[in-house]
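Enquirer: I have a structure here, written as structure tokens, and I will follow up with some questions on it.
Every number in this text was worked out from the coordinates using simple rules, so none of it is lab data. Keep in mind the model is a prediction, meaning the values are calculated, not measured. Quick reminder, even Gly has a Cβ in these numbers, built from the backbone with ideal geometry, and neighbours come from all protein chains shown.
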Amino acid sequence: MSKELIIALEQIEREKGISKESLVEAIEVALTTAYRKDYGASQNVLVDLNVKTGEIHVFAQKDVVELVENKFASISLEEAHQIVPEAQLGDIIKQEITPKDFGRLAAQTAKQVVFQKIKEAEREAAFQEFLDKEGEMLMGVIRRREGTTIFIDLGRAEAVLMQKEQVPGERYEINGHYRIYLSSVQQSKRGPELFVSRAHPNLVLRLFELEVPEIYEGRVEIKSIAREPGMRSKVAVSSREEKIDPVGACVGPKGVRIQAIVRELRGERIDIIRYSKDSQEFIANALSPAKITRVQLDEKARTAKVWVAPDQLSLAIGKEGQNARLAAKLTNWKIDIQSEGVK
């Protein structure tokens, strides 16, 4: 080994952010293991890498004793004095035992250790990068599928889209670009494990933040979202400024903003609901597009009885109960819809 190794370690420190000290320590540990494997494991071995010259030396650490019973673990006082003149009984001394052909093994081992350290550093950097993006919306490219699981390329890492996080009926084409919600980031030996979703309600939230400047700036707030992926979502919005119409801001001029979101969700219908602190009003709004006659609340049971005109009943309930179900999720009230005239 030579100073070229130290120069290489210093370059790695600058470019990869891996400290030279940690690399040297890892190389010494690896060389100790390699020596014991190739030259015998019975000795108490210490490998030293000189951080200035790059030279590597192997030492056997031995106890200074009166009577040597194990030549690999101990040394007589007389022999010890030849190495360290002032050695005394009970001391531990280092005796160099560097093999003549150790250089080739050292070079190979150092290369492997450095490569492994770089890989570990890259995995850690990727993990930290995506950990900071947990809960965000990302753009990815579908690369492959295994059974019902889809794998998405996010650049520095691959994300997993499980079947339960896919939108029923949505087609996922190889090499297709999709916006996905990063729901979970976990560390593993192979690097970060990223779990993403196309079905999560927060994907809708992030799309509104992307398309509606007033939401991104905090002037319009999304209060709640109820979603049945691929079918329909209801989004409750309110304004923090009187002059801003929250529903109009979300729809956009000629519906351009909401249309962009619907396209990204492959045609999923979206109802934008005006939020109200008044629960009766909010429940009535949530059942849109049906027109509600009156709402009666049971605060203790958190249930709401809602009356509609007979011709509005099927609209209020929705196909297979979807409109009423989403309204209940959106408002967090149990809703009982009745036609006027029914007691």
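Enquirer: Residue by residue through the range 129-141, what is 3J(HN,Hα) from phi via Karplus (6.51 cos²θ - 1.76 cosθ + 1.60, θ = phi - 60°)? Round to whole Hz and write x for glycine and proline.
Expert: Going residue by residue, I get 4, 7, 4, 5, 9, 4, x, 9, 9, 10, 9, x, 10 Hz, with x marking Gly and Pro.
Enquirer: Would you kindly compute the Cα radius of gyration of the range 1-70 and its largest Cα-Cα separation (Dmax), both in Å?
Expert: 15.3, 53
Enquirer: Once amide H atoms are placed 1.01 Å from N in the peptide plane, what residues at a sequence separation of 5 or more from Ser74, or on another chain, have their amide H within under 5 Å of its amide H?
Expert: So Ser74 has HN proximity to Asp63.
Enquirer: For the range 267-328 and the range 228-266, write down the distance between their C-alpha centroids in whole Å.
Expert: Cα centroid to Cα centroid, the span is 18 Å.
Enquirer: Now for a different question. Just to check, using Stokes-Einstein with a Kirkwood Rh over alpha carbon pairs, what's the diffusion coefficient of the range 3-129 at 20 °C and 1.002 mPa s in µm²/s? List each step's numbers first, then the result.
Expert: Numbers: Rh = 16.3 Å.
It diffuses with D of about 131 µm²/s by this estimate.
Enquirer: Can you list the chymotrypsin sites (Phe, Trp or Tyr not before Pro) in the range 88-182 that are in a DSSP coil and have 14 or fewer other beta carbons within 10 angstrom?
Expert: Details: sites: Phe102, Phe115, Phe127, Phe130, Phe151, Tyr172, Tyr178, Tyr181; in loops: Tyr172.
The qualifying sites are Tyr172.
Enquirer: Hey, another quick one. Looking at the range 139-196 from every direction and averaging, what is the projected area of its Cα convex hull in nm²? Each step should come with its number before you reach the end.
Expert: Details: hull surface 15.8 nm².
If I average the Cα hull's projected area over directions, I get 3.9 nm².
Enquirer: Could you size up the charge dipole of the chain around its Cα centre, putting +1 on the beta carbon of Lys and Arg and -1 on that of Asp and Glu, and report it in debye to the nearest 20?
Expert: Working: 52 positive and 53 negative charges, 473 e Å.
That gives the chain a dipole magnitude of about 2280 debye.
Enquirer: Normalised by the residues of the chain, what does the relative contact order come to in percent, with Cα pairs under 8 Å and at least six apart?
Expert: Working: 581 pairs, mean separation 30.3, N = 343.
Worked out over the chain, it gives 9 percent.
Enquirer: Going by amide H atoms built from the backbone, whose H comes under 5 Å of the H on Ile273, apart from near neighbours?
Expert: Long-range HN contacts for Ile273: Val235, Ala236, Val237.
Enquirer: Moving on to the next point. Pick out, in residue order, every one of the GluC sites (Glu not before Pro) in the range 103-204 that is DSSP loop and has at most 11 other C-beta atoms within 10 Å; say none if there are none. Numbers along the way, then the final one.
Expert: Values: sites: Glu120, Glu122, Glu124, Glu129, Glu134, Glu136, Glu146, Glu158, Glu165, Glu170, Glu173, Glu193; in loops: Glu134, Glu136, Glu170, Glu173.
Here the GluC sites (Glu not before Pro) that fit, given the DSSP loop and packing criteria, are Glu173.
Enquirer: Separate question: Taking semi-axes √(5λ) of the Cα gyration tensor in Å as the quantity of interest, determine which of (1) 71, 21, 18; (2) 32, 24, 21; (3) 38, 20, 18 was computed from the displayed structure.
Expert: (1)
Enquirer: Taking every alpha carbon pair in the range 200-275, what does the distance histogram look like in 10 angstrom bins from 0, in percent?
Expert: Bin by bin from 0 Å, the calculated values are 21, 60, 18, 1.
Enquirer: Which cross-chain or sequence-distant (5 or more) residues have an amide H under 5 Å from the amide H of Ile337, H modelled 1.01 Å from N in plane?
Expert: Val306
Enquirer: Met162 to Lys291: FRET efficiency via 1/(1 + (r/R0)^6), r the Cβ-Cβ distance, R0 45 Å, to the nearest 0.05?
Expert: Numbers: r = 41 Å, r/R0 = 0.90.
Once the sixth-power term is evaluated, E becomes 0.65.
Enquirer: Excluding same-chain residues fewer than 8 positions from Lys189, which aspartates and glutamates have a Cα within less than 16 Å of its Cα?
Expert: Within the straight-line limit of under 16 Å, Lys189 reaches these aspartates and glutamates: Glu120, Glu122, Glu124, Glu158.
Enquirer: Could you give P(r) for the range 95-150, binned at 10 Å from zero, as whole percent values over all Cα-Cα pairs?
Expert: 17, 21, 26, 16, 11, 8, 0
Enquirer: Now a separate question. My understanding is that a pair violates if its Cα-Cα distance is over 29 Å; which of Lys37/Lys71; Lys164/Lys254; Lys243/Lys319 do that in this structure?
Expert: Cα-Cα > 29 Å for Lys164/Lys254; Lys243/Lys319; rest within.
Enquirer: To continue, here is another question. Give, as a single signed number, the net charge of other residues whose beta carbon lies under 14 Å from the beta carbon of Lys334, with Lys and Arg counted +1 and Asp and Glu -1. Provide the component values of the computation, followed by the final result.
Expert: Numbers: positive: Lys300, Arg302, Lys305, Arg325, Lys329; negative: Asp298, Glu299, Asp336.
Once positives and negatives cancel, what remains is +2.
Enquirer: Let me ask something else. Using DSSP to call loops (not H, G, I, E or B), can you name the trypsin sites (Lys or Arg not before Pro) in the range 42-87 whose Cβ has at most 15 other Cβ atoms within 10 angstrom?
Expert: On the way: sites: Lys52, Lys62, Lys71; in loops: Lys52, Lys71.
Taking the range 42-87 and a limit of 15 other Cβ atoms within 10 Å, the loop trypsin sites (Lys or Arg not before Pro) found are Lys52, Lys71.
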